[in-house]
Every structure is written in C-alpha cells, then in structure tokens.
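The values are calculated or read from the model by the stated rules, or taken from the named source; none is laboratory data. Not measured: the values here are computed from a predicted model. Positions of Cβ are generated from backbone atoms using ideal geometry, with glycine treated the same way; all protein chains shown enter the neighbour counts. These accessible areas exclude ligands, DNA and RNA; they are computed on the full protein's heavy atoms, side chains included. Shrake-Rupley method; radii C 1.70, N 1.55, O 1.52, S 1.80 Å.
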Amino acid sequence: METDTHPLTRQAALARLEDFVPLAGAAYASGRNLDHGAGRHDAVSRLSAAIARRVVSEREVLAPVLARHGDQAQAFVREVFWRSYFKGWLESRPQIWQHWLGALDRIDARLAQDDAFAARHMAAIRGETGIDCFDHWMHELAATGYLHNWARMQVASIWIFTLDLPWELGARHFLSSLIDGDAASNTLSWRWVAGLHTPGKAYLADATRIARMTGGRFAPTGLATRARIPDGPPHPAAAPAREVAAPAPDAPTMVWITPEDCALETEPELAAMPVVAIAVIDAGTRADRIATDDALARAAAHWRVPACRVAGPEALAARAVEAGARQVATGRIAVGHRLDSLIAVRGALRRSAIALAEHDRAWDRAIRPHATRGFFALRDHLPNLLALAGLEPPQ
Ligand SMILES: Cc1cc2nc3c(=O)[nH]c(=O)nc-3n(C[C@H](O)[C@H](O)[C@H](O)COP(=O)(O)OP(=O)(O)OC[C@H]3O[C@@H](n4cnc5c(N)ncnc54)[C@H](O)[C@@H]3O)c2cc1C
C-alpha cells in the first residue's frame, strides 16, 4: 500500500492537491484516461483515498481547480460529481447494497461446492488468467491498493464478460483491496460496467483500445466480443435517504471520528460545539487507521480535549459517560458496512442514555435529491450546486 502516493493525512492530501491543481484543467481532460502504469499515474489526482474518508472535502478539492482553470476544469468537476452522484444514488436505494450482501452469501455457498468455479475465481484474484493486462492490473492492485479508473473499467469488464465471474465477487475483491474502497462508488461502478446501473448499457473491454490507451504495453487476446448482461431485479424506486438527528449545538459532546468523515473540525456547524472528548473505535484497515490517527490529533488540537482509541461500542459509550457527554456526534454514516455496524453503537449509547447525532454535510444534503436518476439528470444542476457551495461554476 503506497500511502505516500495516495495521501491519507490532511497535510499530505492538501500538499498533493496543491501539486495537482496545475494539471487539473486541459491536461486532465486529455490525459486522464491514459494508463501509464504503476507509479506513473500523474495525470490524475490520486486523492480518492483522502476524499473517500473526507480527509479533504469535494468542495476543498474543487475550489482551487475552478479558480485556476475556469471552464477548462469541467472534466475534473464532472468526475468529482460522479462520486457524489453514486453516494446520493445508493442512499436513495439502500436495498441495492443489501441485495449485494445477500447475493454474496449465495455465491459463497457455490464457491464452497464448485471446485472449478472456485479455481476460476482464485485465478482471477491472483492475476493468473493468462490475459496480460488483467493479470498485470490484478498484481498492481494487490501491490499498491490502487488502480487507475480506466484500468478499473477494463478489469471489471473482463471479470464479468470474459471470465464469466459474478460482478458481486469482483466488487467484494475491489472493496477490500482498494485504498479508496467506497461502498457507493465501488458497488455502483461495478453495476455500471455490468449493464445494471444504466439498464441495458454495459461496458465492453476492447483489445485494440486497451493496446492504444496503454501505449502498446498490452495485447490481450480472447476478450469477450459481446456483453451478456447479468440477471438482476429492476431498480427499486428511489426513496428519501435515511433521516439522521443533527448534533445539538449546546450539548456537551463527545466527537466520534470514523473513516466516514475525518475532518469534522473543519465544519462550521461543529467547530464551536462544546466538545468534552474525542474517540475513535479501533477497527478498519491500515489506511483507515492512518487517516483516523491524523484526524484524532487534529480534532484534539482544535477542541483542546483528550482524544483516544477505544475497543468497541461499549467502550465508546463508557468513555462518553466518563467525559460527561450528553451526545456523541459523528459524520453521517453512508450506506455500507459501517452503517450495517452502527446498530451496535446505537444500542450501547442508548443503554447509557447518550444521544447519537450524525452531521450531514451541506454538500451531500444539496446533491442527494438530484442523484436519484441518471448522472446526466444531476449534471444539469451542477452550476447551481457549485454556486450553492460558494464556488464559481465553469462556463
Ligand atoms: C469498477 C470500479 C470500481 C471503483 N471503485 C471505487 C472505490 O471503491 N472508491 C472510489 O473512490 N472510487 C472508485 N471508482 C471510481 C474511480 O475509479 C476512482 O475514484 C478514481 O480512479 C480515483 O483516482 P483519482 O483520485 O486519481 O481520481 P481523479 O481522476 O483524480 O478524480 C478526482 C476524484 O473524483 C472522484 N472520481 C473520479 N472518477 C470517478 C468515478 N468514475 N466514479 C466515482 N468517483 C470518481 C474520486 O473521488 C477522485 O478522487 C471505481 C471505478 C470503477 C470503474
């Protein structure tokens, strides 16, 4: 895992952003799809691990890019909005996440019984399929925790249409291997490639295009020439996102930092709250630990109160009681594994008569209502959404 090239601390992420800003205009628009290979992904920001954990926010990333490039920033702005779009879309259809978990249970049962299927799956994960680009990218993913967006599209497409493996298994492998692993962007990107997000429209990898976009580094053979879209139920109707209780501004508060939002102290609504303690539950990946360690230190310096790691939900509640908190405030937990485990925290806090409050960022609140259909429906609102965030829209 290359944490120095995929920053996880705020200082490193802001430094990376500053270096990248000059490249985020026309150079990004023309070069962002070219995969130059591991260690040479300089045409893209490599900020996803930080953005996914809100070490830096979408707004913070877009502000200097728009200020420097104006309408030349359109391509970069659009990509950042893809992230917000997927996040909003999954909030309006959490069943898609639950269906995915249910499908994995069924596929795991098949893996346990069907040796040939299990062997094909293992060969894909290990990068031993004989398809040069695919094997290379799977090794790159294992070694670095990162793949260029365009490479992710090729890998997912080959996984589904050439190797004939369930998209659900590929999504699980990516989510656990990527340093920027994110429930919404990952699950919905896999579904997009499979032809399940935009019904009937799949992404088919093409050998000639792969050779061209990788500067001739690969010449894959035997790729599927037809996309057989997997079966799947139609999209459930969009529903309003889960309601959360906002932090009460005057209550003695323990801030609970999760990898969902690692810069709560930068939020104006929270910055002046009467915070009595700060805590992180020990869980997650090594990257989560680096990001939350940095977040703990920043929060402690901002609110000038003790900050610690605790073992689990019960210890979190005990720490809040000990510190005299009346509420625990955290960043809004989006649909995904962390939301699935929120129930244990909620129960522990309830038993200690401590309220749980989730801070919903203005950015997410503004975008969510426009993210329930296709991306193009959201795109029409970009100028207004940027203006709402105090940013100058590209012309
Ligand atoms: C199959 C597949 C799985 C993916 N899984 C994830 C994932 O788990 N986590 C994740 O953050 N992204 C995921 N993506 C989206 C995209 O590949 C990464 O966000 C991007 O490659 C990160 O590199 P970067 O920061 O250099 O991006 P840049 O090109 O510099 O883009 C800037 C930011 O915009 C956002 N972004 C860019 N492209 C996309 C996109 N296509 N979809 C959504 N957001 C985007 C990211 O936050 C990114 O940091 C996936 C894409 C595919 C095709």
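The table below gives the values:
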{"item": "Residue that is most open to solvent (accessible area, probe 1.4 Å), among those in segment 161-216 that are outside any loop (DSSP other than H, G, I, E, B), more than 11 Å from the ligand (Cβ to nearest atom) and free of Cβ contacts under 8 Å to residues at least 40 places away in the same chain", "result": "Arg212"}
{"item": "Given (1) hydrophobic (A, V, I, L, M, F, W, C); (2) in contact (Cβ under 8 Å) with a residue 40 or more places away in the chain; (3) open to solvent by less than 10 Å² (accessible area, probe 1.4 Å), number of the condition Val280 does not satisfy", "result": "(2)"}
{"item": "The one condition in (1) within 25 Å of Ser48 (Cα to Cα); (2) in contact (Cβ under 8 Å) with a residue 60 or more places away in the chain; (3) outside any strand (DSSP E or B) that Glu265 fails to fulfil", "result": "(2)"}
{"item": "Any chance Ile333 is closer than 30 Å to Phe86 by Cβ, β-branched (Val, Ile, Thr) and open to solvent by 40 Å² or more (accessible area, probe 1.4 Å)", "result": "no"}
{"item": "Segment 343-353 - residue that is surrounded by fewer than 18 Cβ atoms within 10 Å (Cβ to Cβ) and not polar (S, T, N, Q) and, of those, farthest from Ala283 (Cα to Cα)", "result": "Ala353"}
{"item": "Members of segment 290-302 found to be open to solvent by 20 Å² or more (accessible area, probe 1.4 Å) and closer than 14 Å to Gly145 by Cβ, listed by number", "result": "Ile290"}
{"item": "Qualifying residue in segment 231-242 (condition: crowded, with 18+ Cβ neighbours inside 10 Å, farther than 22 Å from Pro94 by Cβ and either within 15 Å of the ligand (Cβ to nearest atom) or in contact (Cβ under 8 Å) with a residue 60 or more places away in the chain (or both))", "result": "no"}
{"item": "Residue pairs meeting the criteria (Cβ under 7 Å; at least 6 apart or on separate chains; first more than 30 Å from Glu267 (Cα to Cα) and in contact (Cβ under 8 Å) with a residue 40 or more places away in the chain, in segment 30-58; second in a loop (DSSP other than H, G, I, E, B) and open to solvent by less than 10 Å² (accessible area, probe 1.4 Å))", "result": "Asp35/His148; Asp35/Thr214; His41/His148"}
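Residues are listed down the side, and each one gets a yes or a no for (1) more than 15 Å from the ligand (Cβ to nearest atom); (2) outside any loop (DSSP other than H, G, I, E, B); (3) not β-branched (Val, Ile, Thr):
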residue	(1), (2), (3)
Val55	no, no, no
Gln74	no, yes, yes
Phe81	no, yes, yes
Leu101	yes, yes, yes
Asp108	yes, yes, yes
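This table checks each residue for (1) buried (at least 20 other Cβ atoms within 10 Å of the Cβ); (2) over 21 Å from Leu378 (Cα atoms).
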| position | (1), (2) |
| --- | --- |
| Ala29 | no, no |
| His41 | yes, yes |
| Val55 | yes, yes |
| Val61 | yes, no |
| Ser84 | yes, no |
| His99 | no, yes |
